[in-house]
Amino acid sequence: MSPPAKLPRWAELGLLPAINLIAALLLSGAIIRLIGESPWAALKLMADGAFGSQESIGYTFYYATNFIFTGLAVAVAYHAGLFNIGAEGQAYIGGLGTGLVCLWLGAWPFWAVLPLAILAGALFGAAWAFIPAWLQARRGSHIVITTIMFNFIASALMTWLLVNVLIRPGQQSPETREFAPNAFMPGLHTLLGKIGIPFTSTPLNLAFLLALAAAALVWVLLWRTRWGYALRVAGRNPAAAVYAGIRPPRVTLGAMLLSGALAGSLGLNELMGSQHRILLDFPGGAGFVGIAVALMGRNQPVGIFLAAVLFGALVQGGSQLSFDMPHVNRDMVVVIQGLVILLCGAMENVFRGPLSRLFAGKTRSPKSEIRNDGGPDA
Amino acid sequence: MVEEINSLPPALELRGIDKRFGAVHANRDLSFAVAAGTVHGVIGENGAGKSTLMNIIYGFHRADAGEIRVHGKPVEIHSPQDAIAAGIGMVHQHFMLVENFTVLENIVLGVEGGPRLAGGLASARAGLEQLARDYGLDVPLDTVVSELPVGLQQRVEILKALHRGADLLILDEPTAVLTPQEADQLFKMLGRLRAQGKTVILVTHKLREIMAVTDRVTVMRQGAVVAEVATRATSSRDLAEKMVGRAVLLQVEKGPAQPGATLLTVRDLEVTDRLGVPRVKGVSFTLRAGEIVGLAGVAGNGQSELLEALAGIRAPSRGEIVLGGRDLVREGLDPRARRHLGLAHVPEDRLRMGVVTGFSAQDNAILGYHDLPAYQRGGLLNRAAILGGCERKMAAYDVRPPNPHLRIAAFSGGNQQKLVLAREIDSDPRVLLVGQPTRGVDIGAIEFIHQKLVALRDAGKALLLVSVELDEILGLADRILVMNAGEIVGELARAEATEEKIGLMMAGVKGEGRA
Ligand SMILES: Nc1ncnc2c1ncn2[C@@H]1O[C@H](COP(=O)(O)OP(=O)(O)OP(=O)(O)O)[C@@H](O)[C@H]1O
Ligand SMILES: [Mg+2]
């Protein structure tokens, strides 16, 4: 019954996520202890695996790039009051667009391929998000349900395309031929090398910088344009939106198009940057991780960046861990990731109550003026 | 009235309550006592700290310092649960009911008394029927809450508190959402509660209500108690002065209207609701420059629907709305397009429609005007202009605290309303639609808002005023339309209007001089 507990901004954005993360790590540590390994050694291995060398840093940020795109996608929809669970499918179909450009126009110079590949990825992803958005806006079909369904449809469609149409002739595994080298996203080590900074060769590539640019763009669009203002009004209070002459159905369409375009950009990193072909299930769950990233990042671009790096580190450090510790296998690593999602995402409010009581007791001004920029108003 | 010579300890005693929100000192060393078995009024300007104090007593907020005693014993109240345990109940201005539960389920919610719902419900039903008999609080226990009118929903809240054993009942602006008729019923009920020995704290802006039902009144200003008097020993005028700290005009001061050209013409307008039931049935009238037209009627007779149709929020099923030679209905203009044509709108329900509660004051100050060129620069929002605009509005309308960065929800109700009015009037409209402009607003601010509305009239604008306060309509309007069951049943010039005449027409008796 009591109003949602509010915290000072620094506690909201820094302390609370940190406490959640520590709780998740403690729980993971307990489990690792149970299976007979040392939690401390495991933590060190993971940290080392994620940030210990140039190579591990490269991988961590390479994974993080995917999560930035999908996290932003989820966040944009969230601000419009929509829960987009379909980033996975949008990334899949968006990657198809990017991949087709690379396959067909790979002979063109890179600087001509790049804008077209970006455009195609965004367009395909947006188109895939548009159908559920349209169904929601015009027919009231719930977007959570339809976007989930469209994940399955995307998956079936891509399997069919890869097995029957796009498969490289004379080959067994369902994937296309390799892109022409002109359509490879330059690695960050190459770019850094050009300005005289040596860096180990890793899959980390130009798409990382594009993801950062996308984060900046989302910030500007949502908080510095009238379009973003209208989107946030409609997301928080549809009645006030109508009063202000904003049409919520139109906002739904616009927000989902942008959301799909962001998710659809994943192929820039995954396909152009690393795989250099279209292959089965290349998003690899990044669309779902994006939900956790958005939640944990409070749906703010900076928060999403930080959360994406954390999840990138979990993936990269986790594989290092399963490599070095005999009792910890890949599934264990998934459990640890799951705990982080659980405590930082789904149960992020568990410590909010006690923490706000602590603040109420300690300081004279428990109520901050700033609320977390979270969900639509009740 | 109950005699105050009472040797019992007071039902509630506050000692040195102090509370700050950052820089705002909302409660300053407050002390007063509420005698058992009385109705105690608390009045004060918007932002005086009344709601803050009530929320402290009910455990929503925690005081920085001070002591609360209930029947002489100090109590620690950290949460509403503690308050309920101490016999304190509260009815919030915004009801805390589960809309799709029945009345009974709502009341039992949280005190089911065991894992099996059926048993709890049955025993609660018996107890509630007893309570309803004792206090004349009749509510249909098996009706779904969303189907009840506001007045009955409020009763459910009161029953809920009594069912939890409340002995002291806090009502924070209970009549702000009620029609005058519903308010009368509420006050009868409060009388019965008092007769049964319950204690009531009533927070309100309406001095009429204070004079009618309270035994004592505490007056607050800027977080502190500035006066405490027996109701018998004071008057409305006296209380108003104590509240604001200067003499207040309880009557609107205005010259005669000089109506000019017709600005807005409504012809044969029909509005149906979602179920296809007509709520406005073929209404026609005009608004002229330089006049305030009051729309009177018992709440729920189509005024709200009419207002929303004019503003472009509801599509009428038939009829014309002509503004500046253009038919807004045929062109299908949305609220934004209508604003560009000079039609501004202060909505009746500020919190539901007029503001976005999670946004800051400055972001709320551009709601509906966010695409004005003045707020853009180079394709982006001009944050400096938005901030400056908000600061200017806050200064001009004395919005307190004048902090554009503060979330709108942290402003007191009256200050939110001033900001909404500032936003709409500041757009320099030709026609202003105003719904309940002074709902939840203190008398000082009412005087101010009324002056602004009259000034707008004198500047040659047309105003349509919808209010459930007959006093407000009589005080402001130059011409009065009376609505009943979706029709305009009569039109009166201000000079010929009396409360009785309007009252009869509101009840459906057709008046002379049909428009
Ligand atoms: N959560 C909050 N955070 C910051 N300031 C607050 C908060 N709640 C209230 N205030 C401030 O405390 C002061 C007292 O507010 P309060 O709501 O108690 O006034 P009120 O007397 O109930 O006014 P009204 O008659 O308009 O309802 C105001 O200046 C208000 O802006
Ligand atoms: Mg209040």
Number of the exception - A:Tyr229 against (1) under 30 Å from A:Leu96 (Cα atoms); (2) open to solvent by less than 30 Å² (accessible area, probe 1.4 Å): (1)
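If you check B:Ile386 against the conditions, is it modelled with pLDDT of 95 or more, more than 7 Å from chain A (Cβ to nearest Cβ), under 17 Å from B:Pro402 (Cα atoms) and in a loop (DSSP other than H, G, I, E, B)? Let's see the steps before the verdict.
On the way: modelled with pLDDT of 95 or more: yes; more than 7 Å from chain A (Cβ to nearest Cβ): yes; under 17 Å from B:Pro402 (Cα atoms): yes; in a loop (DSSP other than H, G, I, E, B): no.
Here the answer is no, as B:Ile386 does not meet what is asked.
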From B:Gly368, B:Gly440, residue being within 19 Å of B:Gly342 (Cα to Cα), among the small types (Gly, Ala, Ser) and either in contact with a Pro (Cβ under 9 Å, 6 or more places away or on another chain) or more than 14 Å from every other protein chain (Cβ to nearest Cβ) (or both): B:Gly368
Residue in segment B:60-79 that is surrounded by the most Cβ atoms within 10 Å (Cβ to Cβ), counting only those that are under 28 Å from the mean Cα position of the chain (by Cα) and within 15 Å of ligand 1 (Cβ to nearest atom): B:His61
Members of segment B:298-313 that are of a type in the set (Gly, Ala, Ser) and out of contact with any Leu (no Cβ under 7 Å at 6 or more places or on another chain): B:Ala299, B:Gly300, B:Gly302, B:Ser304
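If I go through segment B:309-325 residue by residue, how many of them are at the interface with another protein chain (Cβ under 10 Å from one of its Cβ atoms), not in a helix (DSSP H, G or I) and not basic (Lys, Arg)?
Residues of segment B:309-325 that are at the interface with another protein chain (Cβ under 10 Å from one of its Cβ atoms), as a first pass: B:311-314.
After this cut, where a residue has to be not in a helix (DSSP H, G or I) as well, the list is B:312-314.
Restricting the remaining residues to those that are not basic (Lys, Arg) gives B:312-313.
So the answer is 2.
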Pair list, Cβ under 9 Å, 6 or more apart: segment B:81-109 residue within 19 Å of B:Gly59 (Cβ to Cβ) and among the acidic types (Asp, Glu), other residue more than 16 Å from ligand 1 (Cβ to nearest atom) and open to solvent by less than 30 Å² (accessible area, probe 1.4 Å): B:Asp82/B:Ile88
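If I ask for residues that are small (Gly, Ala, Ser), within 7 Å of ligand 1 (Cβ to nearest atom) and under 22 Å from B:Gly444 (Cβ atoms), which ones from segment B:11-55 would you list?
Of the residues in segment B:11-55, the ones small (Gly, Ala, Ser) are B:11, B:16, B:22-23, B:26, B:31, B:33, B:35-37, B:41, B:44, B:47-49, B:51.
Checking the rest, the ones that are also within 7 Å of ligand 1 (Cβ to nearest atom) come to B:22, B:26, B:44, B:47-49, B:51.
Correct list: B:Ala26, B:Gly44, B:Gly47, B:Ala48, B:Gly49, B:Ser51.
Within segment A:194-202, is even one residue modelled with pLDDT of 90 or more, within 30 Å of A:Gly52 (Cα to Cα) and part of a helix (DSSP H, G or I)? Working first, answer last.
Step one: of segment A:194-202, the residues modelled with pLDDT of 90 or more are A:194-202.
Of the ones still in play, those that are also within 30 Å of A:Gly52 (Cα to Cα) are A:194-202.
In the following step, the residues that additionally are part of a helix (DSSP H, G or I) were identified as A:194.
Yes, segment A:194-202 contains a residue that is modelled with pLDDT of 90 or more, within 30 Å of A:Gly52 (Cα to Cα) and part of a helix (DSSP H, G or I).
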Boolean, B:Gly113 is assigned to a loop (DSSP other than H, G, I, E, B) and modelled with pLDDT under 85: yes
Evaluation of A:Arg298 against (1) within 14 Å of chain B (Cβ to nearest Cβ); (2) modelled with pLDDT of 90 or more; (3) open to solvent by 10 Å² or more (accessible area, probe 1.4 Å); (4) assigned to a loop (DSSP other than H, G, I, E, B) (one fails), failing number: (2)
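Can you confirm whether B:Val252 is under 21 Å from B:Gly41 (Cα atoms) and not small (Gly, Ala, Ser)? If you could, list the steps in order and put the result at the bottom.
Numbers: under 21 Å from B:Gly41 (Cα atoms): no; not small (Gly, Ala, Ser): yes.
Judged against the criteria, B:Val252 is not a match.
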Every pair of residues 6+ apart whose Cβ atoms lie under 7 Å, when the first sits in segment A:309-327 and is farther than 12 Å from A:Phe67 by Cβ while the second is outside any helix (DSSP H, G or I) and open to solvent by 20 Å² or more (accessible area, probe 1.4 Å): A:Ser322/A:Asn329; A:Met325/A:Glu37; A:His327/A:Ile35; A:His327/A:Gly36; A:His327/A:Glu37
Which numbered condition A:Leu204 misses (of (1) within 14 Å of chain B (Cβ to nearest Cβ); (2) of a type outside the set (Ser, Thr, Tyr); (3) touching a residue at least 12 places away in the same chain (Cβ under 8 Å)): (1)
Restricting segment B:39-55 to residues that are open to solvent by 10 Å² or more (accessible area, probe 1.4 Å) and part of a loop (DSSP other than H, G, I, E, B), the residue that is farthest from ligand 2 (Cβ to nearest atom): B:Glu45
The one condition in (1) farther than 26 Å from B:Leu351 by Cβ; (2) under 24 Å from the mean Cα position of the chain (by Cα); (3) not charged (D, E, K, R) that B:Ala493 fails to fulfil: (2)
Pairs, first open to solvent by 10 Å² or more (accessible area, probe 1.4 Å) and in a helix (DSSP H, G or I) in segment B:168-190, second basic (Lys, Arg) and more than 16 Å from ligand 2 (Cβ to nearest atom), C-beta under 9 Å, six or more apart: B:Gln185/B:Arg155
A:Ala239 vs. criteria buried (at least 23 other Cβ atoms within 10 Å of the Cβ) and in a helix (DSSP H, G or I): no
Positions within segment B:56-75 being of a type outside the set (A, V, I, L, M) and within 16 Å of ligand 2 (Cβ to nearest atom), in sequence order: B:Tyr58, B:Phe60, B:His61
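Looking only at segment B:97-110, decide whether some residue is within 13 Å of ligand 2 (Cβ to nearest atom) and either crowded, with 23+ Cβ neighbours inside 10 Å or part of a helix (DSSP H, G or I) (or both).
Going through segment B:97-110, the residues within 13 Å of ligand 2 (Cβ to nearest atom) turn out to be none.
No: zero hits.
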Single match in B:Leu328, B:Leu306, B:Leu381 (criterion: buried (at least 18 other Cβ atoms within 10 Å of the Cβ) and within 9 Å of another protein chain (Cβ to nearest Cβ)): B:Leu381
Subset of segment B:239-259 (residues that are under 30 Å from B:Phe285 (Cα atoms) and touching a strand residue (DSSP E or B) at 6+ places or on another chain (Cβ under 6 Å)): B:Ala257, B:Pro259
Extreme residue, farthest from B:Gly444 (Cα to Cα), among residues of segment B:56-83 that are more than 10 Å from every other protein chain (Cβ to nearest Cβ) and assigned to a helix (DSSP H, G or I): B:Asp82
Given (1) among the basic types (Lys, Arg); (2) part of a loop (DSSP other than H, G, I, E, B); (3) open to solvent by less than 20 Å² (accessible area, probe 1.4 Å), number of the condition B:Arg400 does not satisfy: (3)
Test: residue in segment B:246-259 that is aliphatic (A, V, I, L, M), open to solvent by 70 Å² or more (accessible area, probe 1.4 Å), more than 27 Å from B:Glu447 (Cα to Cα) and outside any helix (DSSP H, G or I): no
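Condition first: within 11 Å of ligand 1 (Cβ to nearest atom) and in a helix (DSSP H, G or I). Now tell me which residues in segment B:441-455 satisfy that.
Start the filter on segment B:441-455 by keeping residues that are within 11 Å of ligand 1 (Cβ to nearest atom), which leaves B:441-445.
Selection gives B:Ile443, B:Gly444, B:Ala445.
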Residues that are open to solvent by less than 10 Å² (accessible area, probe 1.4 Å) and under 18 Å from A:Tyr62 (Cβ atoms), drawn from segment A:322-345: A:Val333
Candidate set from segment B:433-462 (those that are within 22 Å of B:Val298 (Cβ to Cβ) and in contact with a helix residue (DSSP H, G or I) (Cβ under 6 Å, 6 or more places away or on another chain)); member that is modelled with the highest pLDDT: B:Leu433
Residues of segment B:178-207 that turn out to be more than 16 Å from ligand 2 (Cβ to nearest atom) and among the hydroxyl-bearing types (Ser, Thr, Tyr), as a count: 2
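The values are calculated or read from the model by the stated rules, or taken from the named source; none is laboratory data. All values derive from a computational prediction rather than experimental measurement. Positions of Cβ are backbone-derived with ideal geometry, glycine not excepted, and every protein chain shown enters the neighbour counts. What goes into the accessible areas is simple: the full protein's heavy atoms, side chains included, and nothing from ligands, DNA or RNA. Shrake-Rupley method; radii C 1.70, N 1.55, O 1.52, S 1.80 Å.
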